[in-house]
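Everything below concerns the one structure shown next.
Please treat every number below as a calculation from the coordinates, not as lab data. Values in this document were obtained by computation on a predicted structure and should not be read as measured data. Positions of Cβ are generated from backbone atoms using ideal geometry, with glycine treated the same way; all protein chains shown enter the neighbour counts.
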Amino acid sequence: MEDYENELWLLMLQYKAGDVAIYKELKTLYMEEEWSGKREKIFDKMPPYAAVDRLYKEDQLYDRLLKLVLDSNGLYKLMEYEGCLKKLYPEELLTKYETAVNNMAAHTSDRKHYRELVAILKRMQKYTGGKKRVDEIVSSWKFQYRNRPAMMDELKKI
């Protein structure tokens with residue numbers, strides 16, 4: 001049993017770092033009160049490339065997951081974990097979305113890009129307080145980017 005436990009630790013920290021199945025298996029070997037200490041040891045020793053976000057979600061460590069999402073570049077992580085974070089942290093996620101769409105809008109682009117922006121804005125509207133925030137963004141863009149006819153055309157679809 002000890003060898004099995006050691007093998008799981010090796011897999012978790014070196015060979016398959018961040019693997020959720022191994023994480024769950026390792027978790028079954030410890031009592032609940034003992035697990036939190038072991039879990040912290042895992043998080044401390046994980047290599048930087050490991051996907052610790054999946055482990056945060058597994059143990060419902062949503063505050064840590066939120067920090068990781070907010071610190072990540074772009075919207076990929078936000079969209080991946082939006083389902084479990086949306087109800088708990090709507091303001092924080094809306095702010096991340098707003099920053100991202102404003103950065104995306106700053107660059108002149110093609111109609112496809114503007115459609116992506118509109119899709120993100122529609123996604124934002126589904127949040128508590130999102131409709132108001134989107135209306136403010138759209139009003140600002142209509143003034144700021146009034147010389148972009150493709151963008152103005154796409155914004156009418158909101």
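In deg cm²/dmol, rounded to 500, what helix-only [θ] at 222 nm does the chain give when every DSSP H run of at least 4 residues adds -39500 (n - 2.57) and the total is split over its residues? Counting only the DSSP helices, I get -21500 deg cm²/dmol.
Equivalent ellipsoid of region 69-158: semi-axes from √(5λ) of the C-alpha gyration tensor, largest first, are 23, 14, 11 Å.
Length available on full extension from LYS24 to ASN147: 0.36 nm per residue minus the Cα-Cα distance, which gives 38.9 nm.
Could you work out the per residue convex hull volume over the alpha carbons of region 1-148, in cubic angstrom? Walk me through the numbers on the way to the answer.
Numbers: hull volume 17.6 nm³, N = 148.
It comes to 119 Å³ per residue, whole-number rounded.
Cα-Cα over 29 Å: which of LYS24/LYS122; LYS38/LYS96; LYS27/LYS77?
On the way: LYS24/LYS122 36 Å; LYS38/LYS96 32 Å; LYS27/LYS77 25 Å.
Table pairs above 29 Å Cα-Cα are LYS24/LYS122; LYS38/LYS96.
For region 63-158, the residue among TYR127, TYR76, LEU94 whose Cα projects farthest onto the positive side of the dipole built from Cβ charges is TYR127.
Entry note, region 16-143: relative contact order of 16 percent, from Cα contacts under 8 Å with a spacing of 6+ residues. Picking from ILE42, TYR62, LEU11, whose Cα lies most toward the positive end of the charge dipole for region 4-158 (charges on Cβ: Lys, Arg +1; Asp, Glu -1)? My answer, from the dipole projection, is TYR62. I'd like the distance separating the alpha-carbon centroids of region 68-110 and region 114-158, in whole Å. One Cα centre to the other: 15 Å.
Among the listed pairs LYS86/LYS132; LYS86/LYS142; LYS87/LYS156, a Cα-Cα separation exceeding 19 Å is found for LYS86/LYS142; LYS87/LYS156. Taking all C-alpha pairs of region 1-83, those more than 21 Å from each other amount to 29 percent. Kindly state, to the nearest 0.05, the FRET efficiency for ASN102 paired with GLU2, given R0 = 41 Å and r defined as their beta-carbon distance. The pair ASN102/GLU2 has a calculated efficiency of 0.15.
Suppose every K and R has +1 on its Cβ and every D and E has -1 on its Cβ; what is the size of the dipole of the chain about the Cα centre, in Debye to the nearest 20?
Numbers: 29 positive and 27 negative charges, 301 e Å.
For the chain, the charge dipole is close to 1440 debye.
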